[in-house]
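Report on one structure; see the data block that follows.
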Amino acid sequence: SAVISQKPSRDICQRGTSLTIQCQVDSQVTMMFWYRQQPGQSLTLIATANQGSEATYESGFVIDKFPISRPNLTFSTLTVSNLSPEDSSIYLCSALRDGGRYEQYFGPGTRLTVT
Amino acid sequence: AQKVTQAQTEISVVEKEDVTLDCVYETRDTTYYLFWYKQPPSGELVFLIRRNSFDEQNEISGRYSWNFQKSTSSFNFTITASQVVDSAVYFCALSEMRRDDKIIFGKGTRLHILP
């Protein structure tokens, strides 16, 4: 299995500011993703983080609000910009290793509270 | 459109009882993957199983078993002799085989195992 770490684990931010979340995988993976889990809700895919090119966003998510970087095969960042209370969620990074089993592993999540 | 329905929002059982978590899915694709993930109180998402649509064999792993029935579009999960450590939110999920990165999650079932 892949070990995924995220920083920070939680943060409280003021409205209008931004938060950048880091995701580190312990080995090279083919794909990395960012999900959002709103309070008491299920997970929703925000985007696929592509190495060396712009992320692929899902419907309802835009680059200006959720800029993503992936400079190499083991690291990605998600920024949540111009924060509002509606952005209070858990943000999870996940990675897919092409090892024939296609198991998608998830990081521990970053719990964001916007005040 | 793809959809995963977990009708049971919350279940409570006494320790050592068996419990089945229901999952019904919708997809127009003939090839797809089905998943179960566990999210304990710590928040981390733990991969439990991935099945492809070609393989309707039921699977058993220790106290866990999964019943995949294409005819009813169901992928139910049974925990035998439940333990308090099984208390968690369990998510059923679906992805298209032609795009196995995007996982559609159900809303989850919160399972309480009472001592």
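For the reader, a short list of remarks on this structure follows.
- Accessible surface buried upon B-A contact (total; probe 1.4 Å; Å², nearest 100): 1500 Å²
- 5 Å-binned pair-distance histogram of the stretch B:9-90 (Cα, whole percent): 3, 13, 26, 24, 18, 10, 5, 1
- For chain A, cysteines whose Cβ has no other cysteine Cβ within reach (under 4.7 Å): A:C13
- Shape parameters for the stretch A:1-87, alpha-carbon atoms, Rg then Dmax in Å: 12.9, 38
- Here the accessible area of the protein assembly as shown is 47 percent carbon and sulfur, with a 1.4 angstrom probe and all protein chains present.
- Relative to the globular-protein estimate of 2.2 N^0.38 Å, the Cα radius of gyration of the protein assembly as shown stands at 1.02.
- Separation of the B:I60 and A:F75 label points, Cα + 7 Å toward Cβ, nm: 4.7 nm
- Summed over the residues of the protein assembly as shown and divided among them, the accessible surface reaches 48 Å² per residue at a probe radius of 1.4 Å.
- Between A:G16, A:G52, A:G40, the GNM of chain A built on Cα springs shorter than 10 angstrom shows A:G40 fluctuating the most.
The values are calculated or read from the model by the stated rules, or taken from the named source; none is laboratory data. Remember, it's a predicted structure, so these values are computed and weren't measured experimentally. Glycine gets a Cβ as well: all are built from the backbone with ideal geometry, and neighbour counts include every protein chain shown. Ligands, DNA and RNA are stripped out before the accessible areas are found, and what is left, the full protein with its side chains, is counted by its heavy atoms. Shrake-Rupley method; radii C 1.70, N 1.55, O 1.52, S 1.80 Å.
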